[in-house]
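These notes concern the structure reproduced below.
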Amino acid sequence: MPISLLETHMAKKDVHQGTLALMVLKTLDVLGTLHGYGIARRIEQISGDLLTVNQGTLYPVLLKLEQEGAIGSEWGTSENNRRARFYSLTRAGRKQLHAETKDWEQTTALIERFFALKAEDLK
Amino acid sequence: MKALRRFLLRFAGSITRHGGEVRLKEEIDAHLALQTAENIRVGMAPEEARRQAVLKFGAIQVVKEDYRDGRSLPAFEHLFQDIRYALRGFRKNPGFAFAAVLTLALGIGANTAMFAVVHAVLLKPLPFSEADRLMLVHLLGPDPDAGPGVMRERTWSYPKYRTFLDVQTAFDSTALFSSRELSIAGDGNAERVRAEVITDRYPGILGITPIVGRGFTGQESHLPGASPVVLLGHALWTRRFGADPAVLGRELQINARSYAVIGVLPAGFRGLSGDAELWIPLSVISPAQLGEEYSHNGYVIARRKPEISEQAAVAAVHVAGTYVHLAHPRGDGFSANGPAWTAQGVSLSASRVDVDIKQVSFALSGAVGLLFLITCVNLTNLHFAKALGRKKEIAIRMAIGSNRWRVARHFLIEGALVSVIGAFAGLALAVGLLEAGSILLPRPDVLFQAPLAPGVPRLLGAAGLTRIGAAMIEVDGIVLLFVCAITAFAIFAVSVGPALHASSMHPIEVIKKAVSCGTGHAVRMRAVLVTCQIVLATVLLIGAGLLLKSAARLHATFIGVDAGGVLTMRVSLPGRSYSSERGTAFYAQLVQRVMSLPGIESVGLGSCAPVSGGCSATGIWFPKEAPREGSGKAIVGVHWTTPDYFATLGVRLLRGRLFSALDRAGQPKVVVVNEAAARAFWPNESPVGKVVALGQGDFHDGAEVVGVVANVRYHAIEAEPVPDVYLPLAQSYVPGMQVFVRTRNQPENLERVIRREMRVLDPHLPISDVRTMEQSFGEAMWRTRVAAWLFSTFAALALLLTAVGIFGVMAQTVSQQTPEIGVRMALGAQRRDILARVLWRGLLIATAGLGAGAVAALALSRLMTILLYGVEPTDPLTFALVVVVMGIVALAACYVPARRAARVDPLVALRY
């Protein structure tokens, strides 16, 4: 089921911003320095049809991450010779990514075990 | 950490608004260009490629808004918007804003000034190192004046102090000190200065070290025959020696004896008596006192050991005091079966201010606090009316989506803005008031040291400490904190009512009704506020009325002398250069010389000026009569006078004769008594011809009473006259005299010529306290007058504010009821009925407020008993008068709106 970030913008913004932020951090971790468009493309490629990101929603998330010090940015030149802002992971961001990845894995593992549970297992 | 970092960045973003948006725009452009290029690469036409890129990006405006909110703090920006809006409102209606700020400035300013004074005098730590460990130690002895068994704090004699020093265990170090006035000369003019006679440890106990030179040694202050040395105060050092550090070893003439300067104490330090400029060791200036067991005139200051609590120290002092009594068993009021003397330790901070001064301070603080409350109520009312006037606007704002919080916040911000501006103006006013006070008042502590109500026991040492406190009056951190606190209160009081009211409004109802003015609920609320105002104003008015009546009573009190045209000054002859014969001769010459000046009616000398307080008193007994009933000996005031003293001051002779030139040394001793003494000692017979003996003036052996004169109030105007005895100066010499000169001309012009005459007699003789008798009476009434002025000013302001409040509410009621009034008139109501109806409503509010106010005043006016003279705190006349005045003002404030109501044209009222 495709999720539009824009549609749920009002209702569950925080959750999705959080998820999106994690995706951004992971992308920068894997690919190194990247501009906004590059990050958007990458998230699109990985998620395939499951996630239709309105690319624009990425920018407030980037701003927040930068304000928090998880990523840094500087002007650079894009593939087609335009001025573009390039983002990269900072040390704090790497630490945050590790912590959140671990967190996420624990949560999913826990939820998996609950879903694997069948009624008869409790007897 | 992360959150804080983000908050700070956003805060910075709120201030520098634009950079971020330019950056976002550039990023979006780059993003779209990259996506378009990508789209073209996969085969789209350029136009289509661009369109798809934009579609994929999503709503650019929403992203921008999100981005902007994320970059800055929206709440913060809204706040700025509201402030700008409120300021615009003030600009549009400057009269309202000005009135609001002005009232608040008055309220906050008066309160701040009062707080600064009370804080400095009562609360602020004294400026000595570890002042909480300092204690005054007093002897505690029986007070025969007050009745059997009553103990009173007393001063020390040197031998008693030494005994105490030997047995006490609670203190690290102690010192004996006393205050006195000295004449100094040499290198400049002769002048009188206040000095402290001390023992060596005194500066150290207070944490004071000389800035130049050294302090006294133990030898210098405890052994007789030490060489004369003196410590200078900073002001005196600057004044007489030009702050020259090479002052050490220079000579200063003190009471006609040469003293070597050995040190200078730091600026601002005036001793525990608060006005000292010189410090002299006890053993140097009065070596005789080192051996006099029963010559009590020193205070003891002591620094408690850190490990000993205050209670433990008090207990230890009590025990030590008992030892002192055993070692020196006789004393004033001594009787074999009377209570034993002991000693009492009091922390320095507890001795700061006399009880009555505390009450005066609290009464005035209460009054100014009430004024502040009235100010706040008035502003609440004003803002309330304003909020009602803007009802429609608010309703529309809410109808198109503004939330209640935002509307309420708008009023809060408006109130806060007015309050903060008012607070700044008030602070400026307070600084100005304190500044003006310090310039206008002869001494900063005059309000606190004027003679107070009689019969109140003085705290020993309090006068000096109060003086120290008064010197510390300033706007400091604590005072600023106080300003913040009352400003917060003002913000709350001013904006909460309107904010609640406006935000609880139902927009639909308001717009439907299209009534431009208040609802019944709102009018009721305002009426309640006005009633509160009347209550507060009534309390203040009654306080002011009682004080004014006291001041009038005080003014009308006959103190027993005719003060007009009399100039007075103090002359003290130094004991070293004036023997009693030489002194007596000097005084005779002085009288003669002054008498020969043109325009002089008479010249008299007396040892003590009327209403000055601090006259000598001594025991009296009757050698030729049987011992009288009652415990102990009677005490009388004792005054040395020349024969013309009575004529000069206009003191009437009631019986017998006055002194004459024949009553001189070698002749039979005579005295004159006052009416109070005659009544007290010889209630049913004539005192003339009786024989009395006195404890002072070498009159132990008895003297004949030759006359009775009218009572003179020597202590204070408020104090009932006490029995007084007058001795002829020619038969009993004292070195310090007050000169009284009655002239036919302006007494002020006399000073110069009299000074010239004195210089001819003795060029080094200092003259002090030159003033007319009228001036000294003015000073004696100062406290009551100031209290009455302050209270009256506060009360007048309160009355004005209340009248404005009543007027506002009634005017609003009338304008809201205009259609109703129109209907009534159309149905036949007379103008008179309408007028009466409105006035009746006003009267209702006024009656409720006045009733409650009178009851509150009844409860509160007791607190100011000590300020009153000749008036009961429940004086019915004052209460009645205030109620009438307040009622008239209330009705007058109602009358204008009532007239307007009565003039309503029913046709106009019904049509619109």
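The values are calculated or read from the model by the stated rules, or taken from the named source; none is laboratory data. Everything quoted here is computed from the prediction, not taken from an experiment. Methodologically, a virtual Cβ is constructed for each residue, glycine included, from the backbone with ideal geometry; neighbour enumeration extends over all protein chains shown. Ligands, DNA and RNA are stripped out before the accessible areas are found, and what is left, the full protein with its side chains, is counted by its heavy atoms. Shrake-Rupley method; radii C 1.70, N 1.55, O 1.52, S 1.80 Å.
Brief remarks follow.
- Taking every residue in the stretch B:250-264 that is under 23 Å from B:Ser572 (Cβ atoms) and pairing it with any residue that is in a strand (DSSP E or B) and hydroxyl-bearing (Ser, Thr, Tyr), at least 6 positions away or on another chain, the pairs with Cβ-Cβ distances below 8 Å are B:Glu251/B:Ser258; B:Glu251/B:Tyr259; B:Leu252/B:Ser258; B:Leu252/B:Tyr259; B:Gln253/B:Tyr259; B:Ile254/B:Ser183; B:Asn255/B:Ser183; B:Ala256/B:Ser183.
- Sole residue being outside any loop (DSSP other than H, G, I, E, B), in contact (Cβ under 8 Å) with a residue 60 or more places away in the chain and open to solvent by 30 Å² or more (accessible area, probe 1.4 Å), chosen from B:Arg582, B:Arg576, B:Arg553: B:Arg553
- Any hit, the stretch B:50-57, residues being among the β-branched types (Val, Ile, Thr), under 30 Å from B:Ala416 (Cα atoms) and either open to solvent by 20 Å² or more (accessible area, probe 1.4 Å) or within 10 Å of another protein chain (Cβ to nearest Cβ) (or both): no
- Enumeration of residues in the stretch A:95-123 that are open to solvent by 100 Å² or more (accessible area, probe 1.4 Å), away from chain B (no Cβ under 14 Å) and either assigned to a helix (DSSP H, G or I) or at pLDDT 85 or above (or both): A:His98, A:Lys102, A:Trp104, A:Glu105, A:Gln106, A:Glu112, A:Arg113, A:Phe114, A:Phe115, A:Glu120, A:Leu122
- Checked against (1) closer than 30 Å to B:Ile357 by Cβ; (2) part of a helix (DSSP H, G or I); (3) in contact (Cβ under 8 Å) with a residue 60 or more places away in the chain, B:Val871 passes all but a single condition, namely (2).
- The C-beta contact set for the stretch A:53-75 (first residue within 7 Å of chain B (Cβ to nearest Cβ), second residue of a type in the set (Ser, Thr, Tyr) and open to solvent by less than 20 Å² (accessible area, probe 1.4 Å), distance under 7 angstrom, 6+ apart or interchain) comprises A:Tyr59/B:Tyr67; A:Pro60/B:Tyr67; A:Leu63/B:Tyr67.
- Any chance B:Leu123 is surrounded by fewer than 15 Cβ atoms within 10 Å (Cβ to Cβ), under 22 Å from B:Arg406 (Cβ atoms), away from every other protein chain (no Cβ under 14 Å) and not charged (D, E, K, R): no
- The set of residues from the stretch B:716-733 being acidic (Asp, Glu) and crowded, with 22+ Cβ neighbours inside 10 Å comprises B:Glu718, B:Asp724.
Quick grid of which residues meet (1) surrounded by 21 or more Cβ atoms within 10 Å (Cβ to Cβ); (2) touching a strand residue (DSSP E or B) at 6+ places or on another chain (Cβ under 8 Å); (3) closer than 30 Å to B:Val360 by Cβ:
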site	(1), (2), (3)
B:Ser768	no, yes, yes
B:Arg771	no, yes, yes
B:Trp782	no, no, yes
B:Arg785	no, no, yes
B:Ala798	yes, no, yes
B:Trp840	no, no, no
B:Gly851	no, no, yes
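- As a summary of the residue check, B:Leu102 satisfies the conditions (1) farther than 18 Å from B:Thr487 by Cβ; (2) open to solvent by 20 Å² or more (accessible area, probe 1.4 Å) except for the one numbered (1).
- Residues of the stretch B:241-265 that are outside any strand (DSSP E or B) and open to solvent by 30 Å² or more (accessible area, probe 1.4 Å): B:Gly242, B:Ala243, B:Asp244, B:Pro245, B:Ala246, B:Leu248, B:Gly249, B:Arg250, B:Asn255, B:Ala256.
- When B:Ser179 is tested against the conditions (1) open to solvent by less than 10 Å² (accessible area, probe 1.4 Å); (2) in a strand (DSSP E or B), the lone failure is (1).
- B:Tyr726 meets the conditions (1) part of a loop (DSSP other than H, G, I, E, B); (2) aromatic (Phe, Trp, Tyr); (3) farther than 19 Å from B:Phe586 by Cβ in every case but one. The failed one is (1).
- Residue match in the stretch B:199-208 (condition: open to solvent by 50 Å² or more (accessible area, probe 1.4 Å) and touching a residue at least 60 places away in the same chain (Cβ under 8 Å)): no
- Filtered residues of the stretch B:853-867 (kept if closer than 20 Å to B:Leu371 by Cβ, of a type outside the set (S, T, N, Q) and open to solvent by less than 50 Å² (accessible area, probe 1.4 Å)): B:Gly853, B:Ala854, B:Ala856, B:Ala857, B:Met864, B:Leu867
- Within the stretch B:888-906, the residues that satisfy the criterion of being open to solvent by 20 Å² or more (accessible area, probe 1.4 Å), in contact (Cβ under 8 Å) with a residue 24 or more places away in the chain and part of a helix (DSSP H, G or I) are B:Val889, B:Leu891, B:Ala892, B:Tyr895, B:Val896, B:Arg899, B:Arg900, B:Pro906.
- Odd one out for A:Glu79, checked against (1) free of Cβ contacts under 8 Å to residues at least 60 places away in the same chain; (2) more than 11 Å from chain B (Cβ to nearest Cβ); (3) open to solvent by 90 Å² or more (accessible area, probe 1.4 Å): (2)
- Hey, B:Phe7 open to solvent by 40 Å² or more (accessible area, probe 1.4 Å) and either within 14 Å of another protein chain (Cβ to nearest Cβ) or of a type in the set (Phe, Trp, Tyr) (or both) or not: yes
- Of all the residues in the stretch A:82-94, those that are in contact with a Phe, Trp or Tyr (Cβ under 8 Å, 6 or more places away or on another chain) and more than 9 Å from chain B (Cβ to nearest Cβ) number 1.
- Selected residue (only one of B:Ser365, B:Ser361 is open to solvent by 30 Å² or more (accessible area, probe 1.4 Å), over 30 Å from B:Ala86 (Cα atoms) and part of a helix (DSSP H, G or I)): B:Ser365
Listed here are the residues, each with its yes/no results for (1) without any contact (Cβ under 8 Å) to a residue 12 or more places away in the chain; (2) part of a helix (DSSP H, G or I); (3) in contact with a Phe, Trp or Tyr (Cβ under 7 Å, 6 or more places away or on another chain).
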{"site": "B:Val770", "(1), (2), (3)": "no, no, no"}
{"site": "B:Thr784", "(1), (2), (3)": "no, yes, yes"}
{"site": "B:Thr793", "(1), (2), (3)": "yes, yes, no"}
{"site": "B:Gly822", "(1), (2), (3)": "no, yes, no"}
{"site": "B:Ala829", "(1), (2), (3)": "yes, no, no"}
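- Output for the stretch B:28-49, where each listed residue is touching a strand residue (DSSP E or B) at 6+ places or on another chain (Cβ under 8 Å) and either more than 7 Å from chain A (Cβ to nearest Cβ) or open to solvent by 10 Å² or more (accessible area, probe 1.4 Å) (or both): B:Leu34
- A:Lys26 vs. criteria more than 10 Å from chain B (Cβ to nearest Cβ), part of a helix (DSSP H, G or I) and closer than 25 Å to A:Lys102 by Cβ: yes
- Scoring B:Tyr294 on the criteria (1) out of contact with any helix residue (DSSP H, G or I) (no Cβ under 9 Å at 6 or more places or on another chain); (2) surrounded by fewer than 17 Cβ atoms within 10 Å (Cβ to Cβ) leaves a single failure, condition (1).
- Complete set of residues in the stretch B:63-83 that are open to solvent by less than 40 Å² (accessible area, probe 1.4 Å), away from every other protein chain (no Cβ under 14 Å) and modelled with pLDDT under 80: B:Glu77
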